[in-house]
Structures are given as structure tokens and as C-alpha cells.
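The values are calculated or read from the model by the stated rules, or taken from the named source; none is laboratory data. These figures come from a predicted structure and were not determined experimentally. Every residue, glycine among them, receives a Cβ derived from its backbone with ideal geometry; neighbour counts consider all protein chains shown.
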Amino acid sequence: MSGGADDWGVLPSAKPSGAPAGARVWGVAALVQAVGDTLAARYGGVVVRGELSGFTRAASGHGYFTLKDEWGQASLRCAMFRRALSQADFSPREGQLVEARGRLSVYEARGELQMVVEGLTQAGAGALYEQFLRLKARLDAEGLFDEARKRPIPSSPRRIAVVTSLAAAALRDVVTALRRRVPHIEAIIVPCAVQGAEAPAQIVDALAKVAWLDRDARARDALGQGLDTVILCRGGGSLEDLWSFNDERVVRAVVACPVPVICGVGHETDVTLADLAADLRAPTPTAAAELVASPQAQSLYELGALAGRMQWRMRQQLDRQAQSVDNLALRLSRPAQLVGRYQQHLTHMEARLKGSLRESVASARHQLTPLPMRLVRAIAHRVAWTRQHQEHLGLRLASLDPQRVLERGYAWLGTADGEPVTSVADVQAGQGLQVQMADGRLDVDVRQVVPRDPP
């Protein structure tokens, strides 16, 4: 092309049918370049605020990422060359709210709008990441992430469930790992969406179906065994792609699942709330399948080693029993000798028994010899003590005899009817009284009653 309109990529011979007369026809490269120039002139220097998503650093050192608005309704692809990226004072990570300074352009190879970022600063945590942190703190306070609550994963499961999308690459990775390591395990696929607005509800329903399958398997299994483990998985992605596994409904469904849950979501650096609530977190879906059980070859090796030890112990036991049988056979081959040995033993025991009886009788006689003399002395001592005690009681009784009291000069005073008089208040002047003395009685009349003065 040369001169005039052709410098702008106009093709004079390539007008489409129906085009207005005089309409300019652009070549693709020319139009893209023209749009890029217009953007560069109109938006030569802009600052854009948004959430950082899908950040990658190429081998060349350049960084590529997407800026999204907080509602996820718009996005802008960004490229940041190595020199500008090296001047950033922080390490870009998923979900950060950042302010990017640069210029808009068109990436001509794909005709896509992009922003060439010349400076990047933090503007706080991204909305999604802030929501993640708030929900994590609240659920953690409820104890949903406590290690003490989590259950151990069976080391040798028989039946497992895999909850993921049928179209997910994670399902192929899990199935491949299971077939390679533990082909004998029965795996039940419970499909659900793992991304999008409908994914949380489907994941919750899938985990509820797992609980139903567990009850049904226990009812039908002869040993009453249901599902041993659940693998909840999906491949990697951005924070938005994995957001279904940060949904509160999904987290609570993981905690409420009656079967131990292994969660393998995203790559090793991706951590979701479902990972924290699961009984075991796997860094990837493949790792989740590998954590289900040890490889079949390893199990067979351990079983072989165990069988070898059992055979060795059995041979040892059989050898000991064979030696015992040989000893018994030798003893039975000479019964007279055996009988003679037992007779000798019985004779020895009889002599010991007779000697023991003689010693016991002699000891008993020796102990009985002093007993009669001790008995006589005890009886005599008892009789003497009894007599002495009786005499003492007689003396005490005699000292209490009223006659003895009267003999010491005392007298007993009574009324004419023989009633004792103990107080002057019971006597009146002129009253007749009886006075009993040691050698007789006196009949007297009272001339005067004189009470004793009070103290």
C-alpha cells in the first residue's frame, strides 16, 4: 500500500456488499492499531482500583493478572513488566484490593483491551478476601475448625465416595490415582457443580446424599459397613473460582457429614474454609486420593511380611511341641523306670509325713504339760479373791446397820404412828413423839418448837 487512505489500512477493492457509499474499510491490524492509538491518547495515564486475581509471574519476570470490581461484574486484563514489578513494595496475592497506575492499550495479537501497569500499590484487602477473613473468624469462634473435633481417616477403607463435577479434571486425577494405588477399593462418584452460583447448594445436596448412601450401605452390607471416607475435590483456580468452597452452607455440611471428609481443593497454596473444616486437608485432588489408603503393593508387602512372621512363629511352636512329644515318648518307652521313680518319690513323701506327725504330737504334748498346774493355781487364786471380796462386802454391810448407828449415841425420832420426823416443821407443841434408842424406846411430849435461824 502507498499514500493516502491506504496508510490507514483502507482496502479500496474490498468493500462489503451493502456498505454505505464512501464507507472506509479497515484491515484488522490497522483497526486494532487505530483503536490502541485512540485509547493511548484518551487514557494515557489512569489509576484503576480493583481486586487482584489470577496473578502469575512469567519466566521473563513480567507479571500478568486481572483486576476485578468488588461485585465481579467487570474485569480488566493487566500486564506489568519486570522493571515496574520489581519496584512494588509488596508481594501481590489473590484477592488484594490494589490501585494500578498505567495506560490502556490493545494487545494486538488477540485484539484484547489491556492495561500496562507502571505502578502498583495496596489499597487494603479485597472485598472477597475480607469476606473470607470475616467468615473464617466467625466459624472458627464456633469451633468448626477445631482439631479436637476432627475424626481419623481409616487406614484401610473398603468403600469411599468422591464428590466433584463429572467434567472436572480433578475427577480424572482422583480416579487415576485410585486405580493405580488401591484398585480394590469401591469408589462411588457423587456428582455436583464445583463452580458458579449453583455450586454451594449442589455440594450441600451431594454431601447429604453421601449420608444417605452411608446409611443404605450399612443396611445392605453383611458386616454393617458403610462408607469409610469422602473425597471432596476440584482443581485449581482463582479466589472467585474456588469461592463455592468458602460458602458457609458448604462448610457446615462438611462438618455435619457422618463420614470422615478429605478435602482436596485447588493447588497446594489454595486454602478454603472447606479445607479447614474437613477432617483432613489434601494439597491437591491427587494427594487426596493418595491419602485415602496406602498403595496396594505396600499393603501386599506388609501382608506378606506378616504371613512370613506367622509362619516362622508357627514353625517355632511346632518345633517346641515336637520336642515335648519326643521327651514324653522317651519316658513312656521305659515305664518300669518311671514307676520306680514315682514309688521312690512316694516313699520319701510318706517318711516326711510320718516325721511331721511325730513332731506335731510331741509339740502338742509339750504345750499341754503345764496346763493342769496352771489351771489349779488359777482356781485357787480365784477362790481366795472371792472370799476376800465377800468379807469386805460383809464389813461394809455391817457398817450400814441402823442398830450400829444407834449404839454410837444417835436416836431415831418418829410420830406416835411410827412415821419418821425429819423437820421441825412436821412437829407441833404438845405433840407426842417416839424416840428409839439402842436399848429401848422413849415416849415424849413436845413442849416447844424452836426452828433454826436461817444462815
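Just a few scattered comments:
- V162 vs. criteria touching a strand residue (DSSP E or B) at 6+ places or on another chain (Cβ under 7 Å) and not in a helix (DSSP H, G or I): yes
- Residues within the stretch 217-242 that are over 25 Å from the mean Cα position of the chain (by Cα) and at pLDDT below 90, tallied: 14
- Subset of the stretch 28-54 [among the β-branched types (V, I, T) and either in contact (Cβ under 8 Å) with a residue 60 or more places away in the chain or under 21 Å from G95 (Cα atoms) (or both)]: V28, V32, V35, V46, V47, V48
- The stretch 24-41: number of residues that are of a type in the set (D, E, K, R) and part of a helix (DSSP H, G or I): 1
- Every residue from the stretch 124-151 that is surrounded by 18 or more Cβ atoms within 10 Å (Cβ to Cβ), under 21 Å from the mean Cα position of the chain (by Cα) and outside any helix (DSSP H, G or I): L144, F145
- Total residues in the stretch 260-278 satisfying the condition of being buried (at least 20 other Cβ atoms within 10 Å of the Cβ), touching a strand residue (DSSP E or B) at 6+ places or on another chain (Cβ under 6 Å) and either assigned to a loop (DSSP other than H, G, I, E, B) or on the phi > 0 side of the Ramachandran plot (or both): the figure is 2.
- Unique match (being under 18 Å from A123 (Cβ atoms), at pLDDT 90 or above and either crowded, with 18+ Cβ neighbours inside 10 Å or β-branched (V, I, T) (or both)) among G95, G63: G63
- Filtered by the rule that a residue be surrounded by 13 or more Cβ atoms within 10 Å (Cβ to Cβ) and under 16 Å from the mean Cα position of the chain (by Cα), the stretch 152-175 gives I153, P154.
- Some residue of the stretch 58-67 being part of a loop (DSSP other than H, G, I, E, B) and touching a strand residue (DSSP E or B) at 6+ places or on another chain (Cβ under 8 Å): yes
- Residue in the stretch 49-59 that is surrounded by fewer than 17 Cβ atoms within 10 Å (Cβ to Cβ), modelled with pLDDT of 85 or more and among the hydrophobic types (A, V, I, L, M, F, W, C) present: yes
- Among (1) touching a residue at least 60 places away in the same chain (Cβ under 8 Å); (2) out of contact with any Pro (no Cβ under 6 Å at 6 or more places or on another chain) - the single one T229 does not satisfy: (2)
Matching residues to (1) loosely packed, with under 11 Cβ neighbours inside 10 Å; (2) of a type in the set (K, R); (3) on the phi < 0 side of the Ramachandran plot:
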position: K68; (1), (2), (3): no, yes, yes
position: W71; (1), (2), (3): yes, no, yes
position: F81; (1), (2), (3): no, no, yes
position: L85; (1), (2), (3): no, no, yes
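- Within the set R377, R447, R352, R387, the sole residue that is at pLDDT 85 or above and closer than 30 Å to L332 by Cα turns out to be R352.
- Evaluating P157 against the criteria (1) in a loop (DSSP other than H, G, I, E, B); (2) free of Cβ contacts under 8 Å to residues at least 12 places away in the same chain; (3) touching a strand residue (DSSP E or B) at 6+ places or on another chain (Cβ under 9 Å) leaves one unmet condition, (2).
- Residue among L368, L332, L328 that alone is over 30 Å from V435 (Cβ atoms), surrounded by 10 or more Cβ atoms within 10 Å (Cβ to Cβ), modelled with pLDDT under 80 and out of contact with any His (no Cβ under 7 Å at 6 or more places or on another chain): L328
- In summary, V230 fulfils each of the numbered conditions (1) more than 30 Å from E94 (Cα to Cα); (2) crowded, with 20+ Cβ neighbours inside 10 Å; (3) not hydroxyl-bearing (S, T, Y) with the single exception of condition (1).
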